[in-house]
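All remarks here apply to the structure that follows.
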Ligand SMILES: [Zn+2]
């Protein structure tokens with residue numbers, strides 16, 4: 001929906017440990033490890049999307065290399081902090097788009113060489129559970145005995161998909177869903193900076209859409225801000241954005257379920273999850289459309305779909321992959 005060219009989430013990514021919201025335990029522990037020079041060589045960051053795993057990994061990669069890291073902050077003055085080529089020692093690999101053995105082989109090859117600028121080379125592997133079995137096996141050997149100058153940060157939304165051998169070699173941190181008050185604070189900060197006016201109730205509503213994810217909350221804020229333009233953001237405006245977006249899409253989904261159109265269902269589910277709408281609103285939209293359709297025609301498939309989706313509500317709230325669960329439910333309802 002909204003373009004990612006200038007998304008709030010990207011612009012306002014935290015740059016220091018104290019700017020990370022809702023993960024105090026983790027940022028404090030990492031700070032203390034660096035200060036006392038008790039750094040691990042493999043970390044596992046687990047948690048739902050948008051809780052700060054990659055941001056913290058990047059901050060950590062910078063912090064371990066600063067020569068005078070103090071009080072949770074990099075000094076900004078040492079050879080590392082001042083070097084414009086820091087990125088040569090920090091590697092970000094997205095396992096979701098690089099699930100092959102080749103990517104891991106390149107990584108293992110590069111691990112051997114010492115860092116260019118700092119003390120450590122840091123490899124941040126996002127969505128590490130997406131690596132194929134062969135890629136994992138290749139990585140395991142390196143994880144077992146990483147060179148002293150190497151640190152791995154593996155991030156995942158689905159830790160249960162990782163081999164126990166991987167988990168046992170890493171220091172694990174569980175990122176918490178971000179609380180409503182913290183989300184509100186982040187949104188208020190962004191709006192203040194962007195000179196956007198929004199009343200408190202509107203900020204709360206946007207925070208709720210985030211469902212514990214800073215990324216989801218800010219991406220929804222993006223959409224609402226784009227809709228409102230120069231006008232102040234209000235609850236009515238937000239409802240207009242969401243209401244206008246949803247009703248028709250959910251009616252389409254229900255029609256496709258009734259018509260046994262699995263391909264259409266998949267497309268519509270993608271469309272729904274590509275919008276910035278939170279899972280609570282997605283569930284509400286789906287159930288409303290199903291109930292409306294059922295009142296108009298008491299179709300056994302609709303009754304079945306209502307049962308399936310009513311049971312899905314709680315699951316979706318805590319699921320790491322709400323899109324996957326929702327799609328499966330829609331396909332089951334569709335009889336595919
Ligand atoms: Zn420094």
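The values are calculated or read from the model by the stated rules, or taken from the named source; none is laboratory data. Quick caveat, the model's predicted, so the values are computed rather than measured. Cβ atoms come from the backbone with ideal geometry, glycine included; neighbour counts cover every protein chain shown.
Listing for the model above:
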read-out: Residues of the stretch 70-87 classified as closer than 14 Å to residue 16 by Cβ, in a loop (DSSP other than H, G, I, E, B) and more than 7 Å from the ligand (Cβ to nearest atom), total; value: 2
read-out: Neighbours by Cβ (under 6 Å, 6+ apart or cross-chain): first from the stretch 54-69, in contact (Cβ under 8 Å) with a residue 60 or more places away in the chain and in the same structural domain as residue 30 (by TED's automatic domain parsing); second part of a helix (DSSP H, G or I) and within 14 Å of the ligand (Cβ to nearest atom); value: 64/34
read-out: Scope the stretch 142-153; condition surrounded by fewer than 17 Cβ atoms within 10 Å (Cβ to Cβ) and out of contact with any helix residue (DSSP H, G or I) (no Cβ under 8 Å at 6 or more places or on another chain); matching residues; value: 144, 145, 148
read-out: Matching residues in the stretch 40-63 - criterion: being within 16 Å of the ligand (Cβ to nearest atom), within 26 Å of residue 158 (Cβ to Cβ) and in contact with a strand residue (DSSP E or B) (Cβ under 9 Å, 6 or more places away or on another chain); value: 58, 60, 61
read-out: Residue identified as touching a strand residue (DSSP E or B) at 6+ places or on another chain (Cβ under 8 Å), surrounded by 13 or more Cβ atoms within 10 Å (Cβ to Cβ), on the phi < 0 side of the Ramachandran plot and not assigned by TED's automatic domain parsing to the domain that holds residue 124 among 16, 7; value: 16
read-out: Residue within the stretch 243-256 that is touching a helix residue (DSSP H, G or I) at 6+ places or on another chain (Cβ under 7 Å), assigned to a helix (DSSP H, G or I) and without any contact (Cβ under 8 Å) to a residue 24 or more places away in the chain present; value: yes
read-out: Hits in the stretch 45-69 - residues which are more than 20 Å from residue 215 (Cβ to Cβ) and outside any loop (DSSP other than H, G, I, E, B); value: 62, 63, 64, 65
read-out: Residue in the stretch 110-126 that is more than 16 Å from the ligand (Cβ to nearest atom), outside any loop (DSSP other than H, G, I, E, B) and in contact (Cβ under 8 Å) with a residue 60 or more places away in the chain present; value: yes
read-out: Qualifying positions in the stretch 88-98 - surrounded by 17 or more Cβ atoms within 10 Å (Cβ to Cβ) and more than 16 Å from the ligand (Cβ to nearest atom); value: 91, 93, 95, 98
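Condition check ((1) under 28 Å from residue 21 (Cα atoms); (2) under 22 Å from the mean Cα position of the chain (by Cα); (3) in the same structural domain as residue 292 (by TED's automatic domain parsing); (4) at pLDDT below 90) across all residues:
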site: 231; (1), (2), (3), (4): no, no, no, no
site: 235; (1), (2), (3), (4): yes, no, no, yes
site: 249; (1), (2), (3), (4): no, no, yes, yes
site: 258; (1), (2), (3), (4): no, no, yes, no
site: 262; (1), (2), (3), (4): no, no, yes, no
site: 268; (1), (2), (3), (4): no, yes, yes, no
site: 274; (1), (2), (3), (4): yes, yes, yes, yes
